[in-house]
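The values are calculated or read from the model by the stated rules, or taken from the named source; none is laboratory data. Since this is a predicted model, take the numbers as computed values, not measurements. Neighbour counts are summed over all protein chains in view; Cβ atoms, including those assigned to glycine, are modelled from backbone coordinates with ideal geometry. Remember, those area values only see protein heavy atoms, side chains included, never the ligands or the DNA or RNA. Shrake-Rupley method; radii C 1.70, N 1.55, O 1.52, S 1.80 Å.
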Amino acid sequence: MDEEEDRRLAAITPEITRRSIDLLRKVVGLYPEERIAQEALDCADDILAEYGTDGLRILVMSLTGWAAVETEKDALASKRPLDSMIDDMMLTWLEANPEA
């Protein structure tokens, strides 16, 4: 990244990170679970409309950071290797997408 891009992204990072936390607050425990995807799409659409692709990039970085930290915490708490946690995610994906 160049300095201009760094400044541009840094300026919107706090707001996008707050919105990623708001999104998680909405979707954790949401039922039926199918509504999670719609909430995520709505959030992404709002951020794209307001901040463009820079906003989406920050949203992805923020959510990936939260997911990585929580996966690591879960692995430590369950005394399982990180790869085992990711393998479970892959298994869930495979079960949901049998044709893939």
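Entry remark, region 9-52: residues being among the basic types (Lys, Arg) and touching a helix residue (DSSP H, G or I) at 6+ places or on another chain (Cβ under 6 Å) number 1 in total.
Restricting attention to region 60-100, the residues being under 26 Å from residue 9 (Cα atoms) and either among the aliphatic types (A, V, I, L, M) or in contact with a Cys (Cβ under 9 Å, 6 or more places away or on another chain) (or both) number 6. Of all residues in region 84-99, none that is within 23 Å of residue 72 (Cβ to Cβ) and in a loop (DSSP other than H, G, I, E, B) has its Cβ atom under 9 Å from the Cβ atom of a residue that is basic (Lys, Arg) and open to solvent by 100 Å² or more (accessible area, probe 1.4 Å), 6 or more apart or on another chain.
Taking first residues from region 30-58 that are more than 27 Å from residue 10 (Cα to Cα) and open to solvent by less than 50 Å² (accessible area, probe 1.4 Å) and partners that are aliphatic (A, V, I, L, M) and in a helix (DSSP H, G or I), the Cβ contacts under 7 Å between residues at least 6 apart in sequence or on separate chains come to 30/36.
Residues in region 61-84 that are within 11 Å of the chain's Cα centre (by Cα) and open to solvent by 90 Å² or more (accessible area, probe 1.4 Å) were compared, and the one that is farthest from residue 24 (Cα to Cα) is 61.
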